[in-house]
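This report concerns only the one structure given below.
The values are calculated or read from the model by the stated rules, or taken from the named source; none is laboratory data. Values in this document were obtained by computation on a predicted structure and should not be read as measured data. Cβ placement follows ideal geometry from the backbone for every residue including glycine, while neighbour counts extend to all protein chains displayed. Just so you know, the surface numbers come from the protein's heavy atoms only, side chains and all, with ligands and any DNA or RNA stripped out. Shrake-Rupley method; radii C 1.70, N 1.55, O 1.52, S 1.80 Å.
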Amino acid sequence: MSRTMVRVETIPALRRTLGEWRLRDERIALVPTMGNLHAGHLQLVRRAREIGDRVVVSIFVNPTQFGEGEDFGAYPRTLEEDAQALKGAGADLLFSPSVAEVYRRPQEQLSLIHLPGISEMLCGASRPGHFDGVATVVCKLFNMVQPGLAVFGEKDFQQLLVIRRMTEDLDLPVEIVGVPTVREKDGLAMSSRNAYLRPEERKIAPNLHRILREVADKVRAGEGNLVGLKSIARAELTELGFRPDYLEIRRAADLAPPKPEDRRLVVLAAAHLGRARLIDNLPFRR
Ligand code: PAF
């Protein structure tokens, strides 16, 4: 499907187009991205297309969610290719603002949204301030676009929970829709950062998903020694050449350590492989 797609870079231009759609009572679906789109992103756009009348995709490499020494400068920027792909996937509007359009004050003067607890563990512990940047930019995008719904990938499981909680805590009138992780044939979760992998690392990378699957299978089969399971899995990752950041089994609803009676769990991991920091997760029931 190829259709007309409006491209805007400023908030006033965005509001003009959205205003016309809103007058016609059309339900606006937002897909926030940082660009360098792959099949996983296009799946989010297709889901948005199914449930919304109009699909807005934002492409914005958000500086406030990158820490010092992280890959903000190197993050792949492929706007023209992304625009072509979005047209094909059925997006109605591409919003690609500049940093100055989104953040009109110096970084140290910005108002930031902080969610205690959920944003401080796992990826939040290894990347302090990361989820403050994510919550802030997503809240700003919600205010700019005022969508009825917004679509996010479950690959960023903790991010999805942070956004759900922020939306609830701040009474934002946006339905949050999660879409299951899209994987390569060998199981590797699709991610823009996979481009950082060298050919020999790319061959090792799917083991992350395999190990998560094995952990989930063992817990499902009744293994109760979660501490032992996690340390064996981390050792296997290290043996394969990963530098594990964390590998945890948590309660799926809030990422708290699971109690024996909890049924809906998720195993999550982050591990460095060469230049890439890979994250993955597998929700499951026991
Ligand atoms: O998942 C992402 O690409 C980003 O974290 C998001 C949600 C677009 C916010 O910058």
With respect to the numbered conditions (1) part of a loop (DSSP other than H, G, I, E, B); (2) out of contact with any Asp or Glu (no Cβ under 9 Å at 6 or more places or on another chain), which one is the sole condition not fulfilled by His114?
-> (2)
Filter pass, Glu81 being in a loop (DSSP other than H, G, I, E, B) and under 21 Å from the mean Cα position of the chain (by Cα) = no
Counting only residues that are away from the ligand (no atom under 12 Å from the Cβ) and touching a strand residue (DSSP E or B) at 6+ places or on another chain (Cβ under 8 Å), how many does the range 98-144 have?
-> 4
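Each row is one residue, and each column tells you yes or no for (1) within 17 Å of Ala29 (Cα to Cα); (2) open to solvent by 10 Å² or more (accessible area, probe 1.4 Å); (3) under 16 Å from the mean Cα position of the chain (by Cα); (4) among the aromatic types (Phe, Trp, Tyr).
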{"site": "Ala135", "(1), (2), (3), (4)": "no, no, yes, no"}
{"site": "Val145", "(1), (2), (3), (4)": "yes, no, no, no"}
{"site": "Asp171", "(1), (2), (3), (4)": "no, yes, no, no"}
{"site": "Ala189", "(1), (2), (3), (4)": "no, no, yes, no"}
{"site": "Arg193", "(1), (2), (3), (4)": "no, yes, yes, no"}
{"site": "Tyr196", "(1), (2), (3), (4)": "no, yes, no, yes"}
{"site": "Pro199", "(1), (2), (3), (4)": "no, yes, no, no"}
Sole miss for Gln107 among (1) open to solvent by less than 30 Å² (accessible area, probe 1.4 Å); (2) modelled with pLDDT under 95 is condition (1)
On the given criteria, is Asn207 surrounded by 14 or more Cβ atoms within 10 Å (Cβ to Cβ) and farther than 14 Å from Phe284 by Cα?
-> yes
If you go through the range 154-166 one residue at a time, do you hit one that is among the aliphatic types (A, V, I, L, M), in contact with a helix residue (DSSP H, G or I) (Cβ under 6 Å, 6 or more places away or on another chain), away from the ligand (no atom under 11 Å from the Cβ) and touching a residue at least 60 places away in the same chain (Cβ under 8 Å)?
-> no
When the range 74-92 is checked residue by residue, the ones that are among the aliphatic types (A, V, I, L, M), more than 11 Å from Val45 (Cα to Cα) and buried (at least 17 other Cβ atoms within 10 Å of the Cβ) are Ala83
Answer yes or no: is there a residue in the range 4-21 that is under 25 Å from Leu197 (Cβ atoms), touching a residue at least 40 places away in the same chain (Cβ under 8 Å) and among the β-branched types (Val, Ile, Thr).
-> no
If you go through the range 150-158 one residue at a time, do you hit one that is small (Gly, Ala, Ser), touching a Pro at 6+ places or on another chain (Cβ under 7 Å) and either modelled with pLDDT of 95 or more or part of a helix (DSSP H, G or I) (or both)?
-> yes
